[in-house]
Structure formats: structure tokens, C-alpha cells
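For reference, the structure discussed in these notes is given below.
Laboratory data are not the source of any read-out in this text; all were calculated from the coordinates shown. Since the structure is predicted, the reported quantities are computational estimates derived from the model, not experimental observations. Here Cβ is always computed from backbone atoms with ideal geometry, including for glycine, and neighbour counts include all displayed protein chains.
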Amino acid sequence: MKFLCLGYLNEAGWNLKSKKEIDQIMSECLAYDEELKQDGHFLGGHCLQGAADSRTVKIENGEVTVTDGPYPETKELIGGVLYLRARDMDKAQALISKHPGLGVGPFEIRPVEWTTEAPTLSFHRTVPSSSERVFRSLTDPNELRNWWGPRTGKTDWTTPSVEFTPERGAIFRTCIRSPEGAEFWAQGEVVSIEPGRRLSFTHKWEQQDTGSEEKLLTFELDELGENTSVRLRIEGFQSESSRATEAEGWHECMDRLVEYLRGEDDEAVVRALVAEWSKHVAAKDSEKMMEQYHEDVVLYDAIPPYKTVGRDAVKKAWDSCFPHMPDKCGSEHRDLEFKISGDLAVVNGLHRFRPEAEEHPCGKSYLRITVVFQRFREGWRVVHEHVSNPFNPLNNQVWSIENPEVLDQPDYSSFSPS
């Protein structure tokens with residue numbers, strides 16, 4: 001919100017002060033105004049000349065009359081005006097309460113009517129991350145690329161370029177690209193920044209056909225336990241139509257921020273489950289392993305039968321394998337890829353057993369794995385698992401993956417169809 005703050009003073013008392021006293025007060029006031037400016041609260045202000053240099057215009061008996069100075073009975077006169085930005089009246093009051101000008105006279109704080117302002121947009125989201133983590137996603141160019149921009153249908157726009165240094169006065173410049181390949185460049189300047197709490201910067205489209213208005217974007221973060229409240233306010237639209245044109249896109253952008261942060265946290269959880277599973281395999285503890293599996297899990301295993309259905313059946317399959325494995329045998333994953341969307345997570349990569357006796361056959365080859373997790377009320381559970389080795393179709397023999405760095409294959413040139 002914007003506020004007009006009227007600073008009053010008693011001119012008679014002010015004129016009795018020495019030049020040194022006046023200079024000291026003015027220096028303190030200007031220093032505090034600079035603090036407000038750095039935090040993005042200061043929108044402008046002016047000191048006013050004395051009443052002797054003013055005129056009062058009014059109507060008397062149906063005619064306009066002009067007199068020098070204010071009304072003669074007025075003792076406290078307006079000595080200055082200050083425009084302030086604050087989230088509400090309480091915040092504006094708290095800011096003015098620290099202003100050195102209060103030592104001269106009172107301030108009157110009045111909200112500026114929204115009907116007299118340019119149209120604005122406001123958004124609010126709650127994300128499952130700390131405020132420091134959210135702030136990093138707002139200020140790190142590599143992270144901004146993952147969520148900045150709208151979406152068309154279910155297709156996210158991409159952000160091929162981000163130039164941003166998180167410090168006051170730095171340039172903010174981005175390029176967003178539509179699914180059809182159209183690019184839209186925007187630039188601005190960081191107005192204020194408070195790590196973990198607040199970020200404010202200007203934003204203006206560079207293309208002429210997208211409008212020439214310069215908007216002010218302000219993100220405010222508040223921690224709510226393990227979550228963070230994110231508020232975005234966009235000011236400076238020149239018309240209702242220009243605001244309406246961008247409203248949906250900014251809504252989608254905020255949704256993508258939430259999805260990005262939620263997905264990152266989910267990946268950390270799923271990664272931890274995979275690491276935990278490896279420990280239980282090495283310990284040959286099928287009970288602990290099965291805690292991650294849904295009761296209706298489907299396993300396409302590398303050994304017969306090709307399909308095993310149900311958690312109990314999967315446990316039975318592992319229990320039948322463990323006696324044939326070395327007493328000490330580790331578990332290794334590599335080249336894992338995590339793809340998470342909503343309540344589904346797909347993990348694919350390679351796995352192999354690491355027997356302490358290296359000559360044991362169970363460690364000769366890596367296995368290809370695909371694991372599908374689904375989020376339930378009790379947490380992520382495995383609902384499908386696929387484990388396999390490639391095979392040579394010329395002789396129906398297993399083709400071992402001994403070195404994952406080499407994408408080798410059989411020599412098919414000698415094959416001649418019968």
C-alpha cells in the first residue's frame with residue numbers, strides 16, 4: 001500500500017532554533033529517509049518552504065479570493081510531505097515512529113485511495129521450504145530458469161537467459177520463450193533486497209508491442225513453521241486491460257515456483273529412500289526393505305517369473321535370493337535420474353551387488369532398474385519396479401553391463417537371416 005505522510009511543525013518554535021540545530025535535525029531526517037529508500041519504503045518526499053511563501057485560495061461570497069499564507073489561526077503547519085510504501089497501516093506507523101522528524105512535530109499518515117492509483121496485482125502462495133531456500137530460488141539465475149515464466153496449457157515456457165545479481169541497483173534481465181519459439185525480453189533494476197525476507201525490482205518488457213510500462217515487483221517472505229508464505233505484489237500497470245493481459249501468466253509463474261520447490265523437496269525424500277533401501281539390501285533385511293513397498297506393488301524382475309504381484313510375494317522372492325548371496329555384499333546405485341510430477345516419482349538408472357568376494361557371479365553385471373513411487377497419506381511407496389539385463393537377440397543370451405561407461409553391443413554384422 002501507498003501512504004501520504006504529512007509532517008507538521010510549529011513555525012514559531014522552528015524559527016527560534018539555531019542553524020546548527022536545524023542542520024542536525026535535517027541531517028538525521030535525510031539519513032533516515034535514505035534507510036527507507038534502501039528498504040524500498042521511500043517513494044519520494046519534499047520539505048516545504050515557510051508559510052510566508054504560501055498562498056491560500058478559497059471561495060468567499062461566491063468569489064475566489066487569494067490571501068498570503070495559511071489560515072491565521074493555524075499554529076501547526078505542514079512542513080513536509082513523504083510518500084511511503086508499506087504492507088499496511090501498522091507497518092507505516094512503525095516506520096514513521098522512528099522518523100527523526102517527530103522531534104519537530106507530529107506526522108499524519110493517510111492511505112492513498114486505490115481508485116486513484118494505477119491497477120495492481122497481488123498473489124499469495126505457501127511453499128514447503130524455508131524462507132532462505134525460497135529466497136535463493138528468487139535470486140539465483142540457475143534456479144530462476146527452472147520456474148520463471150508462464151505456461152501454455154500443460155507446457156511450461158522456458159527461460160533461456162537470466163542476468164541477475166542480488167544486490168541493490170543491479171540489473172535484472174530475462175528472456176522467456178513460448179512453446180512456439182517466440183522470445184520476450186524484459187529488464188529492470190533491483191530496488192531493495194533483504195535476504196530471506198524481501199526482494200523488490202522493476203520490470204519492463206523490451207519489445208514495443210508488449211507495452212512500455214515499467215512495473216515494480218515485490219516479493220515478501222514470512223516463515224510459517226516448516227513452510228514459507230510468499231506474497232508477490234506488482235504495481236505500475238497503466239490500465240486495467242494491461243493488468244488483465246498479464247494476470248494469468250503471473251498466476252502460472254507463482255504456481256511453477258511452488259511446484260519447483262515442492263518437487264525439489266520430494267526428490268530429496270525419494271533419494272533418501274533409495275539410499276535406505278541399499279542399506280537394507282546389504283543387511284539382507286527384507287522386512288525393512290518392504291516398508292517402502294505398497295501392498296499391491298508389481299515387480300518385473302530380472303529372474304523368473306517375469307511378474308511378481310504384491311508386497312508379500314516380493315518379500316518372498318528376496319528371501320529366496322539372499323541364501324545364495326555372499327555373507328558380505330554391498331549395494332550400489334549409479335547414474336540415477338529422478339523425475340517427479342505431483343504424486344508420482346520415477347527413478348531409473350543402474351544397480352549392482354558388490355560382493356566382498358569379487359569373483360562371485362552376482363557382482364559381474366549392473367542391472368537396469370526403473371522404480372515408480374507414488375505418494376500416499378503415509379508417504380512415498382513403490383508401486384512398480386522393473387529390473388532387467390539386456391540380451392543378445394542372435395543367441396538369446398544375457399548381454400552383461402560390466403562397464404557402464406561403454407555403451408557396447410553385439411556384432412550384428414555377422415547375422416544372416418535364414
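Here are a few things to note about the model shown:
- Taking every alpha-carbon pair under 8 Å whose residues sit at least 6 apart, the chain reaches a relative contact order of 11 percent.
- Equivalent-ellipsoid semi-axes of the chain, from the Cα gyration tensor, Å, largest first: 69, 24, 18
- Using a cutoff of 8 angstrom between alpha carbon atoms and counting only pairs six or more residues apart, the relative contact order for the stretch 2-116 works out to 49 percent.
- Karplus-based coupling profile of the stretch 162-167, in residue order and whole Hz: 9, 10, 7, 10, x, 8, with θ = phi - 60° in 6.51 cos²θ - 1.76 cosθ + 1.60 and x standing for Gly or Pro.
- Trypsin sites (Lys or Arg not before Pro) within the stretch 266-307: DSSP coil, no more than 12 neighbouring Cβ in 10 Å: 307
- Judged by the ratio a/c of the largest to the smallest principal axis of the C-alpha gyration tensor, the stretch 217-266 counts as oblate, that ratio being 1.5 or greater while a/b is no larger than b/c.
- For the options 180, 132, 143, a Gaussian network treatment of the chain with springs between C-alpha atoms closer than 10 Å singles out 180 as fluctuating the most.
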